[in-house]
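Here's the structure, in structure tokens; my notes come after.
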Amino acid sequence: MTNWEKTIRIKKLRNSKPVEITGEEITPSEDLKQYKKNALEYGKTLRGEYINEDTGAKINVGVNGLKEVLHHDYKDTEHLQSIAAIPQIIGNSIYIDTVENEDTEKNNNIASYDFYIAGLKIGEIDYTVKAVIASGIDGNRYYDHKLTQIEKGNLLDKVRDNKSNPYQEDFLSDCKDKRLISILQTNQGKRRANAF
């Protein structure tokens, strides 16, 4: 993808409406293991194929993708609640970039990972969500997603401001999702990587 194409995609992301959920879709629990089980059971009701409006890609949601989402950040209740938003994340996110799968020994049926980004509002809190779609011989499947607690417009501003003034204190070093920052930047060489 050229820098010009990526710039257009990022502008489309900036103008997109965020996905919204109440944060009450999945039954909460004081016991995080139970909360995680509740999220997985809710997620199982979402299995199936969804279409991304931006690209027209058909994306399959299966149990393995749900388990991958729940594998990390499961102590964060908002992350658990975000399972409920997967169909909307698929439908409304904007395609930003693709990286080749470099760990073919581990995932030999995956050729590349496509990165889609959306704003996500859970209750009154704004996030940016990076969804990872695995593309391979069995089609496109929902592989994982990660939340960053920064509203997408603010995040895009910070990425742009950091690029135009590299001598300022780098707020981006505090951002836990380095892959998200990387794919939102232009003037990047072609990358090969794992999903995260």
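The values are calculated or read from the model by the stated rules, or taken from the named source; none is laboratory data. All figures in this text were calculated on a predicted structure; none of them were measured in a lab. Positions of Cβ are generated from backbone atoms using ideal geometry, with glycine treated the same way; all protein chains shown enter the neighbour counts.
Return yes or no: is TYR50 of a type in the set (Ser, Thr, Tyr), buried (at least 16 other Cβ atoms within 10 Å of the Cβ), assigned to a strand (DSSP E or B) and touching a Pro at 6+ places or on another chain (Cβ under 6 Å)?
yes
Among the residues of the range 23-46, which ones are among the hydroxyl-bearing types (Ser, Thr, Tyr) and either on the phi > 0 side of the Ramachandran plot or surrounded by 12 or more Cβ atoms within 10 Å (Cβ to Cβ) (or both)?
THR27, SER29, TYR35, TYR42
Take the residues of the range 53-73 that are among the hydrophobic types (A, V, I, L, M, F, W, C) and part of a helix (DSSP H, G or I): which is farthest from ARG141 (Cα to Cα)?
Per the stated criteria, the residue is LEU70.
So which pairs qualify, if the first residue must be in the range 89-108 and aromatic (Phe, Trp, Tyr), the second must be part of a strand (DSSP E or B), the Cβ gap must be under 7 Å, and the two must be at least 6 apart or on different chains?
TYR95/ASP114; TYR95/TYR116
For the range 135-152: of the residues being assigned to a strand (DSSP E or B) and in contact with an Asp or Glu (Cβ under 8 Å, 6 or more places away or on another chain), which is farthest from SER112 (Cα to Cα)?
This residue is THR148.
Restricting attention to the range 22-35, and to residues there that are among the charged types (D, E, K, R) and under 24 Å from ASP126 (Cβ atoms), which single residue is modelled with the highest pLDDT?
By that ranking, first place goes to GLU25.
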